[in-house]
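The values are calculated or read from the model by the stated rules, or taken from the named source; none is laboratory data. As the structure is a prediction and not an experimental result, all values here were calculated from the model. As a convention, Cβ positions derive from the backbone with ideal geometry for all residues, glycine included, and neighbour counts pool all protein chains shown. The area values use the complete protein model at the heavy-atom level, side chains included, leaving out ligands, DNA and RNA. Shrake-Rupley method; radii C 1.70, N 1.55, O 1.52, S 1.80 Å.
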Amino acid sequence: MYYNNIINKLLIFALFFFETVTLLAQTQPVEKTWEGSLKVSKSDSLKVVLTLQFLNDSLVGAEFDSPDQYSYGIKTSSYKIKNDTLKVVSKQINAYYIAVPQIDGSYKGVFTQRNNKFPLELYPISERPTLKRPQEPKPPYNYTETELIIKDDYGASLIKGTLTFPSKPLKGTIILVSGSGWQDRDETIFGHKPFKVIADYLTKEGYAVFRYDDRATALFEKSTTLDFVSDVQRIVTYFKNNSAHKNAKIGLIGHSEGGLVAFMAAAENKNIDFIISMAGCSETFEKVLLYQAEIACKSEGYTQKEIDESLEISSKIYKMLSKEDSSAVVIEKYKKIVADYTKNMTPEQRKRYDLTDLSIIQQSAVISSPWFITLFKIYPEKYLKKIECPVYALNGEKDTQVNYATHLPIIKKYVLKKSPLNKVESFKNLNHLFQECETGMLDEYGKIEQTISPNVLNSMLLWLNSVCDTK
C-alpha cells in the first residue's frame with residue numbers, strides 16, 4: 001500500500017490522545033471526557049479527546065484519542081493535577097498537554113509535540129467517542145492464540161507474531177503478508193485490522209493462521225522487498241519443520257506489496273503450496289505509482305495539462321531510480337530534475353505541485369531509501385512465470401492504488417493455464433482494502449465501518465477448501 005501523500009501531511013501531527021477525569025470515587029475508576037480541536041495549520045485541524053480516570057478524587061489514568069486519525073486509547077506515561085494545573089505526558093507520541101480548568105468545566109492550555117506548540121481548549125462531553133468496527137473479533141475465541149518469535153541466523157528475535165490454531169481438525173496453515181510501509185501483525189490502518197479479521201474468520205473454519213509484525217523499526221528502515229521475501233521463506237521453513245504443521249499444506253495470503261512478496265517467495269520455494277493475492281502487484285512499481293499519481297491529481301482538481309506535466313516529471317524520476325543504486329546519487333539527480341522542472345514556477349505553483357523546499361527534503365528521504373530504490377529493480381512477471389503452486393488473485397474494481405484492469409490480466413497470463421485450481425477474479429464496488437465503497441479513494445477507508453467484504457472472505461474460504469482438500 002502506498003500512502004505517501006497522507007503520511008507527508010500527517011507525519012508532523014501524528015497526534016494521539018488520552019483519558020479523562022471523573023470525580024466519583026469507590027472501587028471502580030470514574031471517567032470524564034473532554035474534546036477540542038487542534039489547529040495544526042491555517043486550513044487543517046484535528047479533533048482531540050482526553051479521558052481522565054478518577055478513583056476517590058485521585059487522578060489514576062489518562063488517555064488521548066484522535067478520532068480524525070482513527071487512533072484511540074493512546075497511552076500516557078504520566079498524569080497529574082497540581083495547584084489546579086493538569087499535565088498529561090505521552091512518550092508514545094512525544095507529546096504533553098498542560099492546562100488549567102475554567103469556570104465552565106473546560107480546560108485551557110497548550111499541546112506540545114516534538115517542540116511544536118498548539119493552543120488547545122478542551123470542553124466536557126457526556127460520552128467518549130468510540131470507533132465502530134463491527135467485524136473486529138473480540139475474545140473469548142473458540143480457538144487457540146499463541147505468540148510466536150522466529151529468530152534470525154544469529155539467534156536474535158527477528159519475527160514476532162500471533163498464531164491462531166483451530167479447535168477443529170487442521171485443514172492448512174496460512175501466513176499473512178502485509179503491504180508497503182511498516183505494518184503491525186493486524187495490518188492496522190485507519191482503525192481497521194483486516195489481518196485480524198481474516199485470521200479469525202479462517203481459523204474458525206479450520207485453518208491455522210500466522211500474522212506478524214514487520215521487522216523492528218531500525219532494521220525495517222534498512223530493509224527491502226527482498227528482505228521481506230527472505231522473512232517469508234524463514235517463516236515457511238519454521239512451519240514446515242513444526243510437527244503440528246508439517247503434514248498440512250502451507251500457503252500465503254499477501255496484500256498489495258505483500259502479494260508481490262508472495263509471488264517472489266513462491267517462485268523460489270516449492271514448499272509453498274498455494275497463494276492468495278489480494279490486490280497483489282504484477283506491474284512494475286513505476287506503473288503502480290503513475291496510476292496512483294494520476295488518480296490523486298484528478299481528485300485534487302488538476303487540469304489535464306497539469307496532470308500531464310505531473311506525470312511527466314514523475315516518470316523522469318522513476319526512470320532515473322530504475323538505473324541507480326546509490327542513495328546519494330539518487331538524491332543528487334532527483335534534486336536536479338526538480339530544479340529544472342521548477343525553475344520558472346512561482347511559489348504558489350510549487351506549493352500546488354507539492355514541490356516546496358520542505359517537500360523536496362521530505363521526498364528525498366523517501367525515494368533514496370533502500371526499499372524504494374530496490375522496488376524499481378523488481379519485475380513481477382519474472383516471478384509469476386516461475387510459480388507452480390495454485391494461485392487465487394483478486395482485486396477490487398474501485399481500487400485506486402492497484403489497478404485491477406492492468407494487474408489481473410498479467411497474473412492471468414502466467415498462472416491461469418497451469419492448474420484448474422487457479423483463479424483470477426475482480427469484485428465490483430470494492431476498494432484496495434476490499435471494503436464495499438463509493439469512490440475507492442483513501443479518505444473513505446476510515447469512514448467505512450466494514451473492514452473487509454464478507455463476499456471476499458467467503459470466496460477465499462471456498463477456494464482454500466478446494467485447494468487444501470486436494471490430495
Inset, instruction - List the residues whose amide H sits under 5 Å from the amide H of LEU38, counting only those 5 or more places along or on another chain, with H placed 1.01 Å from N in the peptide plane. - result: LEU46, LYS47, VAL48
Inset, instruction - Round to a whole angstrom and tell me the spacing of the C-alpha centers of the range 329-393 and the range 286-328. - result: 8 Å
Inset, instruction - Compute the separation of the alpha-carbon centres of the range 255-282 and the range 186-234 and state it in Å as a whole number. - result: 13 Å
Inset, instruction - When a/c is below 1.5 the answer is rounded, else prolate if a/b is larger than b/c, else oblate, so apply that to the range 86-216 with a ≥ b ≥ c taken from the square roots of the Cα gyration tensor eigenvalues. - result: prolate
Inset, instruction - Order these peptides, 142-150, 342-350, 61-69, by their mean beta-carbon neighbour count within 10 angstrom, highest first. - result: 61-69, 142-150, 342-350
Legend entry - Length gained when the stretch LYS447-ASP57 is fully extended (0.36 nm per residue, less Cα-Cα span): 136.7 nm
Inset, instruction - With label points built 7 Å along Cα→Cβ from the Cα atoms of ALA365 and ASP84, find their separation and express it in nm. - result: 4.2 nm
Legend entry - DSSP-defined beta bridges in the chain - what % are antiparallel, rounded to 5: 70 percent
Inset, instruction - Starting from the Kirkwood radius over alpha-carbon pairs of the range 312-435, derive D by Stokes-Einstein at 37 °C in a medium of 0.692 mPa s and give it in µm² s⁻¹. - result: 189 µm²/s
Inset, instruction - Equivalent ellipsoid semi-axes for the range 267-342, as square roots of 5 times the alpha carbon gyration tensor eigenvalues: give them largest first, rounded to whole Å. - result: 31, 21, 7
Legend entry - Length-normalised contact order for the range 352-449 - Cα pairs under 8 Å, 6+ apart - percent: 25 percent
Inset, instruction - Over the range 74-171, with every protein chain in place, what whole percent of the accessible area is carbon and sulfur at 1.4 Å, could you tell me? - result: 51 percent
Legend entry - Among 278-285, 290-297, the order from most to least packed when residues are scored by Cβ within 10 Å on average: 278-285, 290-297
Inset, instruction - Whole Å is fine, so just give me how far the alpha carbon centre of the range 409-446 lies from that of the range 93-114. - result: 46 Å
Inset, instruction - Return one whole number: the accessible area per residue of the chain in Å², for a 1.4 Å probe. - result: 48 Å²
Inset, instruction - Just grab the label-to-label distance for GLN233 and LYS75, each label 7 Å out from Cα along the Cβ direction, in nm (one decimal). - result: 3.5 nm
Legend entry - Solvent-accessible area, 1.4 Å probe, carbon plus sulfur percent, for the range 252-384: 53 percent
Inset, instruction - Throw me the Rg/Rh for the range 246-398, computed over C-alpha atoms with Kirkwood Rh, two decimals. - result: 1.07
Inset, instruction - Quote the charge dipole size of the range 85-172 about the Cα centre in Debye, to the nearest 20; the model charges only the Cβ of Lys and Arg (+1) and of Asp and Glu (-1). - result: 80 debye
Inset, instruction - List the pair-distance distribution P(r) of the chain, using every Cα-Cα distance, as the percent of pairs falling in each 10 Å bin from 0 up to the bin containing the longest distance, rounded to whole percents. - result: 4, 18, 26, 25, 18, 8, 2, 0
Legend entry - Mean separation of Cα contacts under 8 Å, 6 or more apart, over the residue count of the range 218-346: relative contact order %: 16 percent
Inset, instruction - Show me 259-270, 232-243 ranked by packing, highest mean number of other Cβ atoms within 10 Å first. - result: 259-270, 232-243
Legend entry - Relative contact order for the chain, counting Cα pairs under 8 Å that sit 6 or more residues apart, in percent: 11 percent
